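What follows is a set of notes on a single structure, which appears directly below.
The values are calculated or read from the model by the stated rules, or taken from the named source; none is laboratory data. Computed from a predicted structure; not experimentally measured. Every residue, glycine among them, receives a Cβ derived from its backbone with ideal geometry; neighbour counts consider all protein chains shown.
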Amino acid sequence: MEIQHDVPLAKFSTWRIGGRAETVYLPKTIAEAQEAIRICLAADQKPVILGGGSNLLISDRFSDMRRPVIRLADNFAGVTFEDDRATALAGTRLMPFCQSAMTHGLGGMEFISGVPGTIGGAVVMNAGCWGDEMAAHIVSVTLLQPDGEVKEAPASELGYSYRHSALQDSGTVVLAATLQMTRLPIPEIAETLNRLKIERNTKQPTNQLNAGSVFRNPPGDFAARLIDQAGAKGLRCGQAQISDRHANFLVNLGGAKADEVYTLIHHVQQHIRATTGIDLQTEVVLIGDFAPVPGWTPEPAAAT
Ligand SMILES: Cc1cc2nc3c(=O)[nH]c(=O)nc-3n(C[C@H](O)[C@H](O)[C@H](O)COP(=O)(O)OP(=O)(O)OC[C@H]3O[C@@H](n4cnc5c(N)ncnc54)[C@H](O)[C@@H]3O)c2cc1C
């Protein structure tokens, strides 16, 4: 198994932010993933599981936690098809997954194609957009439990709700997922993939380093609307900035620190709570410890 030491985790996050990890395991097979879990178990260490790193804020002080990392991404990819179902290994990226399904005349999951993560991350986060979500398509998943045993679980056991599953922070690794697809004409699938790509590029700051939506939408409202209404678009802390294109996106202008991103998250939560009574919860998963930048006060980006 490939094992890396003293690894800057920023390279594994779409924000390009994060401290160093002492050890990163990069399994290529289920047996190697099991071996990684067993090594962690023997050392009494709870590993951090990474997929594509597109929904993570990793602390600048990650190494203080002394936690190993297991990354299931591009090394751990592949899709097989049987009838109208696709089974994808956890590290399979979502766009290649949809494109591969299309070549088999299988669609119905185009909604997820623009999400830049892996099947495993999307299963855990119940990723969704355009009115659809992963939970609606998952038949079953193959799980590697914290004790190193592999088991199959139906979607009904995964505790799904909006951007949530019981798998989050459970110590369980998703190895693969079987998804219910729909037989569709290939040109129709291709047209949908293309249309959704164009729509996403017009609405989101896809040309800047980001981690998608930072906050979950509160019931009956939109986090972006609340942040926009608070006049926080463009607000900056160091090299981190609330996107002026999409208020629920936070961008790294280059060399941003995790604490700078955290400062903006913390400020938005406090401000929205004080002005509306709404508690915005992060959709982005925070790993490690964070502290607001001392002495920072909000200044509009127009001045920068
Ligand atoms: C430009 C952009 C647009 C986005 N748009 C959307 C969107 O429209 N809808 C949406 O829902 N999200 C969106 N996201 C967020 C993100 O892409 C999704 O949450 C995605 O599902 C995360 O997948 P990942 O592989 O990157 O997971 P990571 O970010 O690596 O991890 C996310 C969580 O899943 C866990 N995890 C990852 N893989 C595994 C595994 N194999 N086993 C166990 N745990 C695992 C991690 O420990 C972590 O808790 C967007 C992000 C970006 C950067």
* Applying the selection to the range 55-72, what residues are surrounded by fewer than 23 Cβ atoms within 10 Å (Cβ to Cβ), within 15 Å of the ligand (Cβ to nearest atom) and polar (S, T, N, Q)? -> 59
* To do: Enumerate the pairs (first residue in the range 205-222 and more than 22 Å from residue 273 (Cβ to Cβ); second residue anywhere and within 8 Å of the ligand (Cβ to nearest atom) and part of a strand (DSSP E or B)) with beta-carbon separation below 6 Å, excluding pairs fewer than 6 apart on the same chain, so at least 6 apart or on different chains.
  => 205/249; 210/249
* Asked: If you scan the range 249-266, which residues turn out to be over 24 Å from residue 203 (Cβ atoms) and either outside any loop (DSSP other than H, G, I, E, B) or outside the structural domain of residue 227 (by TED's automatic domain parsing) (or both)?
  -> 258, 259, 260, 262, 263, 266
* Please enumerate the residues belonging to the range 43-54 that are buried (at least 17 other Cβ atoms within 10 Å of the Cβ) and on the phi < 0 side of the Ramachandran plot. => 47, 48, 49, 50, 51, 52, 54
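Okay, residues lined up against (1) modelled with pLDDT under 95; (2) away from the ligand (no atom under 13 Å from the Cβ); (3) within 23 Å of residue 164 (Cβ to Cβ):
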residue: 190; (1), (2), (3): no, yes, no
residue: 199; (1), (2), (3): yes, no, no
residue: 204; (1), (2), (3): yes, no, yes
residue: 235; (1), (2), (3): no, yes, no
residue: 240; (1), (2), (3): no, yes, no
residue: 282; (1), (2), (3): no, no, yes
residue: 302; (1), (2), (3): yes, yes, no
* **Selection from the range 125-141 of residues that are within 7 Å of the ligand (Cβ to nearest atom) and either among the aromatic types (Phe, Trp, Tyr) or part of a loop (DSSP other than H, G, I, E, B) (or both)** => 127
* Failed item in (1) crowded, with 22+ Cβ neighbours inside 10 Å; (2) more than 29 Å from residue 69 (Cα to Cα), with residue 250 passing the rest -> (2)
* What single numbered condition from (1) surrounded by fewer than 17 Cβ atoms within 10 Å (Cβ to Cβ); (2) assigned by TED's automatic domain parsing to the domain that holds residue 138; (3) in contact with a strand residue (DSSP E or B) (Cβ under 7 Å, 6 or more places away or on another chain); (4) not basic (Lys, Arg) fails to hold for residue 208? -> (2)
* To do: For residue 122, state whether it is part of a strand (DSSP E or B), modelled with pLDDT of 95 or more, in contact with a helix residue (DSSP H, G or I) (Cβ under 7 Å, 6 or more places away or on another chain) and within 29 Å of residue 222 (Cβ to Cβ).
  => no
* Count of residues meeting criterion [surrounded by fewer than 16 Cβ atoms within 10 Å (Cβ to Cβ) and either aromatic (Phe, Trp, Tyr) or on the phi < 0 side of the Ramachandran plot (or both)] in the range 229-239 -> 1
* Count of the range 155-180 residues which are touching a Lys or Arg at 6+ places or on another chain (Cβ under 8 Å) and either assigned by TED's automatic domain parsing to the domain that holds residue 287 or not small (Gly, Ala, Ser) (or both) -> 5
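Residues are listed down the side, and each one gets a yes or a no for (1) buried (at least 23 other Cβ atoms within 10 Å of the Cβ); (2) within 13 Å of the ligand (Cβ to nearest atom); (3) of a type outside the set (Asp, Glu); (4) more than 20 Å from residue 56 (Cβ to Cβ):
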position: 76; (1), (2), (3), (4): yes, yes, yes, no
position: 92; (1), (2), (3), (4): yes, yes, yes, no
position: 101; (1), (2), (3), (4): yes, no, yes, yes
position: 108; (1), (2), (3), (4): no, no, yes, yes
position: 121; (1), (2), (3), (4): yes, yes, yes, no
position: 145; (1), (2), (3), (4): no, yes, yes, yes
position: 150; (1), (2), (3), (4): no, yes, yes, yes
position: 155; (1), (2), (3), (4): no, no, yes, yes
position: 162; (1), (2), (3), (4): no, yes, yes, no
* Please find, among 183, 195, the residue that is assigned by TED's automatic domain parsing to the domain that holds residue 118 and in contact with a Gly (Cβ under 8 Å, 6 or more places away or on another chain). => 183
* To do: Please verify whether the range 250-270 includes one or more residues that are free of Cβ contacts under 8 Å to residues at least 40 places away in the same chain, among the aliphatic types (A, V, I, L, M) and in contact with a Phe, Trp or Tyr (Cβ under 8 Å, 6 or more places away or on another chain).
  => no
